[in-house]
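The values are calculated or read from the model by the stated rules, or taken from the named source; none is laboratory data. The shown structure was predicted, so the numbers you read here are calculated from the model rather than taken from an experiment. We place every Cβ from the backbone using ideal geometry, glycine too, and count neighbours over all the protein chains shown.
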Amino acid sequence: MITRLSVNINKIATLRNARGGNNPDLLQVAQDCEEFGAQGITVHPRPDGRHIRYDDVRALKPLVTTEFNIEGYPDQSFLDLVMEVCPHQMTLVPDAPDAITSNAGWDTVTHFNFLKEVVDLAHSKGIRVSVFIEPDKTKIRKAAELGADRIELYTEPYAAHYAKNPQLAVRPFVEGAVWAHDAHLGVNAGHDLSLENLAWFAQHVPHLQEVSIGHALVCDALYYGLENTIQMYRRQLGGG
Ligand code: PXP
């Protein structure tokens, strides 16, 4: 299976917002990412608009020709936006509004009823739902019970342990992907994936449909350029 690369463009918005103008032009960058080989565009709007703003999401919708993935904590304003924009995929993330970045997956047992309502709402509009989650058997099975379509494995612990012991680092994620597949869930992954650790992950984790990558990819683009960088990431995934 070739894993698809969704480029998270939050950092482009962060750079733009630093000066208050429209440089870099987020919409142009999104279109260029697709032209350079991205197979999806991911955004993570937060209520304070410190990177992607709600209006960016609305403007991106008609421009994105690949897969549009909106991730975030499903408070009312986020859900209103997602229901209005109708992306291909909504990824549910449990982070607090002021979190610097996502730092945990959902406890799908504790938050089952809340998440079930959100999943049902998204399905009423035909939006695929992915649940950001740790590779924990009980939580993954509960995600399936929710009626979610996919999980997104939270890969920060993999990235943190990769350099020391790649075999050990990837093992829980291999298991998590198998549990998900057995429960008829699709498998995405993301967080701290990079040119250093991506190929190993993609070669070992079965059923991996999509990775969403932002921070490392944008950092690499400073050195290699955006087009080269996207192609390099695609090659780590066995494509490109
Ligand atoms: N997946 C989720 C749910 C995220 O919140 C983020 C960060 O916004 C990513 C993937 C991408 O992580 P990174 O920027 O480290 O590639």
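Values as computed for the structure displayed
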{"quantity": "Given (1) at positive phi; (2) crowded, with 23+ Cβ neighbours inside 10 Å, index of the condition A30 fails", "calculated": "(1)"}
{"quantity": "Out of H88, H123, H111, sole residue that is away from the ligand (no atom under 15 Å from the Cβ), touching a residue at least 12 places away in the same chain (Cβ under 8 Å) and under 15 Å from the mean Cα position of the chain (by Cα)", "calculated": "H88"}
{"quantity": "Residues that are closer than 19 Å to D56 by Cα and either away from the ligand (no atom under 16 Å from the Cβ) or at pLDDT below 95 (or both), drawn from the stretch 91-100", "calculated": "P97"}
{"quantity": "Scan of the stretch 141-156 for residues that are touching a His at 6+ places or on another chain (Cβ under 8 Å) and in a helix (DSSP H, G or I), ordered by number", "calculated": "A144, E156"}
{"quantity": "Criterion: in a helix (DSSP H, G or I), within 13 Å of the ligand (Cβ to nearest atom) and without any contact (Cβ under 8 Å) to a residue 40 or more places away in the chain - qualifying residue of A159, A169", "calculated": "A159"}
{"quantity": "Residue that is surrounded by the most Cβ atoms within 10 Å (Cβ to Cβ), among those in the stretch 40-59 that are within 14 Å of the ligand (Cβ to nearest atom) and basic (K, R)", "calculated": "R46"}
{"quantity": "Any hit, the stretch 65-77, residues being within 12 Å of the ligand (Cβ to nearest atom), small (G, A, S) and more than 27 Å from G239 (Cβ to Cβ)", "calculated": "yes"}
{"quantity": "Hits in the stretch 186-197 (condition: touching a strand residue (DSSP E or B) at 6+ places or on another chain (Cβ under 7 Å) and either within 12 Å of the ligand (Cβ to nearest atom) or assigned to a helix (DSSP H, G or I) (or both))", "calculated": "N188, A189, G190, H191, L193"}
